[in-house]
Structure formats: C-alpha cells, structure tokens
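The values are calculated or read from the model by the stated rules, or taken from the named source; none is laboratory data. Treat the numbers as computed from the prediction; the structure is a model and nothing was measured. No Cβ is skipped: glycine too gets one built from the backbone with ideal geometry, and neighbour counts run over all protein chains shown. Surface accessibility is based on the protein's heavy atoms, side chains included, excluding ligands, DNA and RNA. Shrake-Rupley method; radii C 1.70, N 1.55, O 1.52, S 1.80 Å.
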Amino acid sequence: MTTDWRAAQLRLRALGFEPGPIDGLCGPKTKAAITAFGRSRGLSSEPGFGPVIAALMGADAPCPDLPCPDLPWMAEALRLQGLHERRDTARLRAWLDPAAGAIDPRAVPWCGAFVASCLRAALPGVILPDTPLAARAWGRFGDPVAPVFGAVLVFWRGAPSGWQGHVGFYRGEDAAAYHVLGGNQSDAVTLTRIAKTRLLAARWPAGVPVTGRPVRLTTKGLALSSNEA
C-alpha cells in the first residue's frame with residue numbers, strides 16, 4: 001500500500017504516540033510510534049504500517065469522518081505540542097513570530113503569540129490583529145465561521161464583559177466543551193477542554209477556503225479547564 005507518511009504522523013501524534021518531526025518520512029521515531037501504537041492495541045510483534053494498523057488508527061482517530069484536513073497552521077501547532085514555557089524557553093522564544101513582539105513566555109501571557117506564530121508560519125501574508133497578544137483582539141481576525149477544525153476560537157476569562165480572554169485553535173468538541181489546541185495552557189502547548197459557554201467568537205483566515213468540519217471527540221481524560229485557561 002502507498003502510505004501518506006505525513007498524514008500517518010499527524011494521526012499518530014493525535015492519538016498520543018510521538019512520531020518525531022512531521023516531515024513525511026518514515027524514520028526511526030515514526031517506526032517506534034507505530035510499534036508502540038500496535039502494541040497498545042494488542043499486537044505483540046513489531047508491526048509495519050499495513051492494513052491492520054491503518055484500520056486501527058482510522059477506527060480510533062479523533063476525527064473519524066475525515067483524514068485530518070491538511071491545514072498548515074494546525075500542522076505547525078501540532079508540531080509544537082508539549083513545549084513548556086520554562087523547560088523550552090529558548091526554543092519558544094526563537095520560534096515565536098516577531099509580529100507578536102520579542103516576549104518572554106515565562107513573563108507574558110502568550111496564547112495570542114502562539115496563534116499568530118502558527119498562522120504566520122503557514123500563511124506568511126496573513127493579516128493579524130493589531131495587538132495579537134491581546135486574546136480578545138482575535139475576535140476581529142479574518143472572517144466569522146462556525147466552530148470547525150482549524151478555526152481560531154476566542155474565549156472570555158474573568159467575566160464575559162471584561163477584558164481578559166484566551167485564544168487557541170479548534171481541535172474538536174464534546175457535548176460541553178471545545179477541545180482547544182493552544183499555547184499558554186498550563187504554561188505549555190497543550191490540548192485542553194474549555195466550556196462552550198465561554199466562547200466569544202470563531203474566526204477563519206480571510207481568503208482561505210473553509211475546509212474544516214466540526215469534530216466530535218470524547219473527553220479522553222481531559223479535565224474541563226478553569227476560568228483561567
């Protein structure tokens with residue numbers, strides 16, 4: 001079978017098995033992730049990426065009705081998943097786009113900087129909010145859209161009418177919460193659940209076709225984020 005290794009790597013990472021860089025190559029880390037995934041599903045040998053593994057990954061994947069849309073800003077966000085503002089300070093500071101300012105993620109809330117940097121890495125000409133560090137400023141970014149895979153979601157913090165907020169990318173949803181892939185979540189790039197009642201806006205890059213869809217997920221052990229996320 002012909003394998004789209006980049007899609008397979010994204011699927012492995014979404015399932016919690018780290019394949020290394022999302023580079024479309026079946027290197028040692030990708031092979032190790034396939035082996036670990038296969039063993040987690042009861043396969044005792046060291047399986048290659050064949051029909052059995054592909055079927056298991058498709059059945060268990062968080063987005064079973066689509067092969068994870070090829071949205072470059074989401075691929076960039078997934079690539080950074082796990083980075084921590086204290087453990088990985090130098091790497092984060094080097095990666096954050098200058099449009100967000102030369103910030104220290106240990107000292108400044110950086111959820112907006114994370115979204116800006118992912119979008120600029122994928123869409124160099126994208127028009128960002130005038131103050132991308134201000135989470136609520138993202139409510140005026142691009143075009144309005146229904147919450148779908150890859151959308152920028154803006155939430156209130158403190159109070160709906162206040163000035164504090166949080167911003168991240170839609171990864172999926174369950175009955176009560178959106179699953180948000182974002183920065184400055186528990187001081188790191190993580191996936192977290194945020195109550196749907198806190199949503200202020202869902203936005204999409206202007207001029208880019210909307211290819212994402214709503215994605216139904218289970219809670220998968222993720223706790224509902226506090227008002228401070």
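Among the residues of region 190-202, count how many are open to solvent by 40 Å² or more (accessible area, probe 1.4 Å) and either touching a residue at least 12 places away in the same chain (Cβ under 8 Å) or under 15 Å from the mean Cα position of the chain (by Cα) (or both). Let's see the steps before the verdict.
Quick first cut of region 190-202, residues open to solvent by 40 Å² or more (accessible area, probe 1.4 Å) only: 191, 196-197, 199-200.
Add one more test, that the residue is either touching a residue at least 12 places away in the same chain (Cβ under 8 Å) or under 15 Å from the mean Cα position of the chain (by Cα) (or both), and what stays is 191, 196, 199-200.
The qualifying residues number 4.
Hey, can you tell me all the residues within region 157-178 that are in contact with a helix residue (DSSP H, G or I) (Cβ under 8 Å, 6 or more places away or on another chain), part of a loop (DSSP other than H, G, I, E, B) and of a type in the set (A, V, I, L, M, F, W, C)?
Passing the criteria: TRP163, ALA176.
Given the options LEU181, LEU119, name the one that is touching a residue at least 60 places away in the same chain (Cβ under 8 Å), buried (at least 22 other Cβ atoms within 10 Å of the Cβ) and part of a helix (DSSP H, G or I). Talk me through it step by step, then tell me what you get.
Values: LEU181 fails: part of a helix (DSSP H, G or I).
Selected residue: LEU119, the only one of LEU181, LEU119 that is touching a residue at least 60 places away in the same chain (Cβ under 8 Å), buried (at least 22 other Cβ atoms within 10 Å of the Cβ) and part of a helix (DSSP H, G or I).
Of the numbered conditions (1) under 12 Å from the mean Cα position of the chain (by Cα); (2) open to solvent by 10 Å² or more (accessible area, probe 1.4 Å); (3) under 20 Å from ILE103 (Cα atoms), ASP187 fails exactly one; give the number of that condition.
With respect to (1) under 12 Å from the mean Cα position of the chain (by Cα); (2) open to solvent by 10 Å² or more (accessible area, probe 1.4 Å); (3) under 20 Å from ILE103 (Cα atoms), ASP187 is out only on (1).
Across region 72-98, which residue is most open to solvent (accessible area, probe 1.4 Å) among those that are closer than 16 Å to ALA151 by Cβ and at pLDDT 85 or above? Talk me through it step by step, then tell me what you get.
Filtering region 72-98 down to residues closer than 16 Å to ALA151 by Cβ leaves 72-78.
After this cut, where a residue has to be at pLDDT 85 or above as well, the list is 72-74, 76-77.
Numbers: PRO72: 58, TRP73: 4, MET74: 3, GLU76: 32, ALA77: 0 Å².
Selected residue: PRO72.
Considering (1) at pLDDT 95 or above; (2) more than 19 Å from CYS118 (Cα to Cα); (3) open to solvent by less than 20 Å² (accessible area, probe 1.4 Å), say which one ASP174 fails and leave the rest.
(1)
When you go through VAL148, VAL154 one by one, which is the residue that is over 14 Å from ALA100 (Cβ atoms), among the aliphatic types (A, V, I, L, M), assigned to a loop (DSSP other than H, G, I, E, B) and open to solvent by less than 50 Å² (accessible area, probe 1.4 Å)? Before you say what the answer is, go through the steps one by one.
On the way: VAL154 fails: assigned to a loop (DSSP other than H, G, I, E, B).
So the residue among VAL148, VAL154 that is over 14 Å from ALA100 (Cβ atoms), among the aliphatic types (A, V, I, L, M), assigned to a loop (DSSP other than H, G, I, E, B) and open to solvent by less than 50 Å² (accessible area, probe 1.4 Å) is VAL148.
Let me confirm something: among GLY101, GLY58, GLY125, which residue is surrounded by fewer than 18 Cβ atoms within 10 Å (Cβ to Cβ), over 16 Å from the mean Cα position of the chain (by Cα) and either modelled with pLDDT of 95 or more or closer than 23 Å to ALA202 by Cα (or both)?
Numbers: GLY101 fails: either modelled with pLDDT of 95 or more or closer than 23 Å to ALA202 by Cα (or both); GLY58 fails: either modelled with pLDDT of 95 or more or closer than 23 Å to ALA202 by Cα (or both).
Selected residue: GLY125, the only one of GLY101, GLY58, GLY125 that is surrounded by fewer than 18 Cβ atoms within 10 Å (Cβ to Cβ), over 16 Å from the mean Cα position of the chain (by Cα) and either modelled with pLDDT of 95 or more or closer than 23 Å to ALA202 by Cα (or both).
Could you list, in sequence order, all residues of region 87-105 that are among the aliphatic types (A, V, I, L, M) and more than 16 Å from GLY182 (Cβ to Cβ)? Full working, then the answer.
Applying the first criterion (among the aliphatic types (A, V, I, L, M)) to region 87-105 yields 90, 92, 94, 96, 99-100, 102-103.
Scanning region 87-105 gives ALA90, ALA94, ALA99, ALA102.
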